[in-house]
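The values are calculated or read from the model by the stated rules, or taken from the named source; none is laboratory data. Keep in mind that this is a model prediction, so the values were computed, not measured. Quick reminder, even Gly has a Cβ in these numbers, built from the backbone with ideal geometry, and neighbours come from all protein chains shown. Areas reflect the complete protein model, heavy atoms only, side chains present, ligands, DNA and RNA absent. Shrake-Rupley method; radii C 1.70, N 1.55, O 1.52, S 1.80 Å.
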Amino acid sequence: MPTLSIDFETRSRVDIKTQGVYRYAEDPSTDVLCLAWAIDDGPVQIWLPDTVMPDALVAALLDETCEVRAWNAAFERCIWREVLQKKYVAWPIALERWHDTAAEAAAMSLPRALGKCAEVLGITEQKDEEGNRAMRRLCAPRTAGKLKGEFIMPDEEPETYAKLYAYCMQDVRTERAIVPSLRRLSPTERRVYLLNESMNDRGVRLDVGLTVAAQGIVDEGL
């Protein structure tokens, strides 16, 4: 059974830490900067949204027997569904094909952060900290200057983008190097994982009108 390992780098006007992955992925300002990918133990490659997807990547995506693996896969899954499928030529990936390496690490009481997990396991492939700084520079709009509120584009800082692409590919190498040290989720754990993801996708229904009215009553009482 083939495995497709992937990692996205994105940008957005939304703060994912305060708004969450669903609000982040659904925002019109959110876009993909690059996608690092590898099939099984093959070389890690980079795909940019303004280029044609390689045939090997397309074949893996269309292969229903191919597992799609990522660290914190909910992020990649939401970006795939809300950005790739809506802005670019992409195909839906069934939830059952997704495998979360971070969830497998957590099941073994290993750190949920990719870099920390790699450190603890002492593997050769470690997270690229310099590339992490490049990612933080490009993932959000400028906060000062004449172009405040605008994103840094590739033609402005090609070297920073090159560091970002290298960082993204290294994340795939690190995640892939961690996998042999882990065990698969048990059947029960796997069912819980899929149930958790489907519940998060569905969300909770709210009566927005009632909520706004209730908040108004609270505000009047303050």
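Inspect the range 122-132 for any residue being touching a residue at least 40 places away in the same chain (Cβ under 8 Å) and at positive phi and give the result as yes or no. No, the conditions are met nowhere in the range 122-132.
What do you reckon, is Y161 touching a helix residue (DSSP H, G or I) at 6+ places or on another chain (Cβ under 6 Å), among the aromatic types (F, W, Y) and farther than 20 Å from L121 by Cβ? Can you show your working first?
Values: touching a helix residue (DSSP H, G or I) at 6+ places or on another chain (Cβ under 6 Å): no; among the aromatic types (F, W, Y): yes; farther than 20 Å from L121 by Cβ: yes.
Considered against the rule, which asks whether it is touching a helix residue (DSSP H, G or I) at 6+ places or on another chain (Cβ under 6 Å), among the aromatic types (F, W, Y) and farther than 20 Å from L121 by Cβ, Y161 comes out as no.
Applying the selection to the range 187-200, what residues are without any contact (Cβ under 8 Å) to a residue 60 or more places away in the chain and either open to solvent by less than 100 Å² (accessible area, probe 1.4 Å) or in contact with a helix residue (DSSP H, G or I) (Cβ under 6 Å, 6 or more places away or on another chain) (or both)?
Going through the range 187-200, the residues without any contact (Cβ under 8 Å) to a residue 60 or more places away in the chain turn out to be 187-188, 190-192, 195-196, 199.
Passing the criteria: P187, T188, R190, V192, L195, N196, M199.
The lone criterion from (1) under 15 Å from N72 (Cα atoms); (2) of a type outside the set (S, T, Y); (3) in a loop (DSSP other than H, G, I, E, B) left unmet by L194 is number (3). For the range 1-10, the candidate set comprises residues that are surrounded by 18 or more Cβ atoms within 10 Å (Cβ to Cβ) and not hydroxyl-bearing (S, T, Y); within that set, the residue that is farthest from the chain's Cα centre (by Cα) is L4. Within the range 32-56, the set of residues being open to solvent by less than 30 Å² (accessible area, probe 1.4 Å) and either of a type in the set (K, R) or touching a residue at least 40 places away in the same chain (Cβ under 8 Å) (or both) comprises V32, L33, C34, L35, A36, W37, A38, V44. Going through R173, R137, R142, R133 one at a time, which residue ends up being among the basic types (K, R), open to solvent by less than 90 Å² (accessible area, probe 1.4 Å) and part of a helix (DSSP H, G or I)? After applying the criteria, what remains is R173. Residue check: is Q126 under 30 Å from L195 (Cβ atoms), surrounded by 14 or more Cβ atoms within 10 Å (Cβ to Cβ) and polar (S, T, N, Q)? No; evaluated as a whole, the condition is false for this residue.
K148 falls short on exactly one of the conditions (1) of a type outside the set (G, A, S); (2) assigned to a helix (DSSP H, G or I); (3) open to solvent by 70 Å² or more (accessible area, probe 1.4 Å); (4) without any contact (Cβ under 8 Å) to a residue 40 or more places away in the chain, and that condition is (2).
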